[in-house]
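What follows is a short report on a single structure.
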Amino acid sequence: MEIVHTPVLLNECLKWLSPIDEKYKNPLMIDSTLGEGGHSFNFLKNYENLEILGLDADKVIQSRAKERLSVYGNRMHFYNGWFQDFYANYPEEYRKPDIILFDLGISVFHYEKSQRGFSFRYDEELDMRLNENAGPSAADLVNELPEEKLADLIYLYGEEKLSRRIAKAIVDARTGGRIESSKALAEIIWNAVPSNYRYGPIHPATRTFQALRIAVNGELKRLPKAFFDAFNSLNPNGKMGIITFHSLEDRIAKNFFRNLGKQCVCPPEVAVCRCGGKQCAEILTRKPIGPTDEEIKVNSPSRSAKLRVVRKIRDANEYRLEGVVGY
């Protein structure tokens with residue numbers, strides 16, 4: 001089977017989330033974003049006493065992971081569904097994990113092989129849903145949102161400074177019929193922006209496509225509570241790592257971990273501490289871990305990746321979510 005996606009920050013994950021510790025006996029790891037199984041494959045290869053449960057909402061890519069990871073037999077387990085649903089209602093049939101990994105990047109498989117319009121380089125149906133049976137597609141948003149809401153979406157999730165101009169061009173274009181393909185949308189954006197913007201460091205459609213993908217899959221909205229529930233599902237002394245790829249999701253991870261590491265997170269107006277006043281986690285990576293120059297050369301999608309890791313001391317309460325972006 002051809003493997004399309006290369007796992008980012010692999011060596012760093014193997015180091016910082018290593019289960020080699022006297023505290024871990026028959027350790028269980030949950031790969032919350034399994035994809036093609038790159039991280040899981042290498043963890044199973046390097047740590048022979050480790051078992052992994054892989055979560056993914058996309059049945060197509062999960063079937064590829066099952067084929068790839070079949071060599072590890074009953075050390076590898078699978079769950080098809082969104083990670084936020086899994087952690088919100090942690091299934092009784094699974095024991096509590098010692099390691100949790102979130103890799104929030106979209107697999108290269110989705111850009112190159114899924115034919116769902118994730119990439120503006122191909123002429124594909126404008127869908128972008130990881131679960132093809134859930135919610136509106138990117139085409140639905142592009143063709144049905146009012147201009148102002150579409151501009152706000154592109155600005156908020158894509159941090160696109162020309163969001164108003166791009167939204168207007170999309171709304172004008174759709175008067176001639178529905179925008180159904182990724183190529184058609186990319187051409188509208190290309191023609192909407194000034195000539196000097198077309199030849200910048202990235203394609204002018206990059207941020208708009210990112211914004212639509214995030215909106216379609218609810219990527220940011222589900223993170224704070226999912227992180228909270230995942231952390232509380234960990235065994236004491238367990239480790240949780242989050243790999244992010246852009247500032248919006250990294251801000252959520254940073255703020256949540258920062259709150260876990262505080263002694264008290266009550267708001268200033270609370271005279272007496274009500275949150276317990278105890279640190280919930282030890283922050284193992286005071287600064288996010290980034291890729292080496294060598295990794296960037298061989299795997300360019302890794303250039304914006306950041307890894308943050310904490311070790312659990314005790315369960316967190318709802319106060320630890322205060323101030324986390326999106327909650």
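The values are calculated or read from the model by the stated rules, or taken from the named source; none is laboratory data. What you are looking at is a predicted structure, and each value in this text was computed from that prediction instead of being measured. For neighbour counting, all protein chains shown are included, and Cβ atoms are generated from backbone atoms with ideal geometry for every residue, glycine included. Remember, those area values only see protein heavy atoms, side chains included, never the ligands or the DNA or RNA. Shrake-Rupley method; radii C 1.70, N 1.55, O 1.52, S 1.80 Å.
Residue by residue, segment 200-215 carries 3J(HN,Hα) couplings of x, x, 10, 4, x, 8, 4, 6, 5, 5, 4, 4, 5, 4, 5, 5 Hz when phi is fed to the Karplus relation 6.51 cos²θ - 1.76 cosθ + 1.60 (θ = phi - 60°); x denotes Gly or Pro.
Stokes-Einstein diffusion for segment 198-327 at 37 °C, viscosity 0.692 mPa s, with a Kirkwood radius from C-alpha pairs, works out to 201 µm²/s. Here H39 sits with roughly 10 square angstrom of accessible surface, probe radius 1.4 Å. The smallest convex shape that holds all Cα atoms of the chain, its convex hull, gives 147 Å³ per residue.
In plain terms, the chain from A88 to E159 could stretch by 22.6 nm, reckoned as 0.36 nm per residue minus the Cα-Cα distance. Taking only protein heavy atoms and a 1.4 Å probe, the accessible area of segment 103-258 is 48% carbon and sulfur. In this structure segment 20-164 gives 47 Å² per residue of accessible area when probed at 1.4 Å with all protein chains present. Remark: the chain carries a charge dipole of roughly 960 debye about the Cα centre, counting +1 on each Lys and Arg Cβ and -1 on each Asp and Glu Cβ. Within the accessible area of segment 23-90, the carbon and sulfur atoms contribute 43%, probe 1.4 Å, all protein chains present. For D103, the residues whose amide H sits under 5 Å from its own are S32, T33, I243, ignoring neighbours fewer than 5 places away on the same chain, with H placed 1.01 Å from N. For segment 203-282, the solvent-accessible area of protein heavy atoms averages 36 Å² per residue (probe radius 1.4 Å; ligands and nucleic acids excluded). Across segment 100-106, coupling constants 3J(HN,Hα) worked out from phi with the 6.51/-1.76/1.60 Karplus curve, θ = phi - 60°, read 10, 10, 10, 10, 7, x, 7 Hz, and Gly and Pro carry x. Hydrodynamic analysis of segment 78-196 uses the Kirkwood radius over alpha carbon pairs. Inserted into Stokes-Einstein at 4 °C and 1.567 mPa s, it gives a translational diffusion coefficient of 78 µm²/s.
Backbone amide hydrogens, once placed in the peptide plane, bring F118 within less than 5 Å of M128, excluding anything fewer than 5 places away on its chain.
Here the Karplus relation 6.51 cos²θ - 1.76 cosθ + 1.60, evaluated at θ = phi - 60°, turns the backbone of segment 135-147 into coupling constants of x, x, 8, 4, 4, 4, 5, 4, 9, 10, 5, x, 4 Hz, with x for every Gly and Pro. When the Cα positions of G117, S70, P301 are compared along the charge dipole of the chain, P301 comes out farthest toward the positive end, with charges on each C-beta of Lys, Arg, Asp and Glu. Taking N as the residue count of segment 252-327, its C-alpha radius of gyration divided by 2.2 N^0.38 Å amounts to 1.39.
According to the calculation over all Cα-Cα pairs in segment 111-254, the P(r) per 10 Å bin from zero is 11, 39, 32, 13, 5, 1 %. Listed by chain and number, the lysines whose alpha-carbon sits under 22 Å from that of K149, ignoring those within fewer than 8 places in the same chain, are K161, K168, K221. Charges were assigned to the Cβ only: +1 to each Lys and Arg, -1 to each Asp and Glu. The resulting dipole of segment 207-290 about its Cα centre is roughly 120 debye. The sum of -39500 (n - 2.57) across all DSSP H runs of n ≥ 4, divided by the residue count of the chain, sets its helix-only mean residue ellipticity at 222 nm to -11000 deg cm²/dmol.
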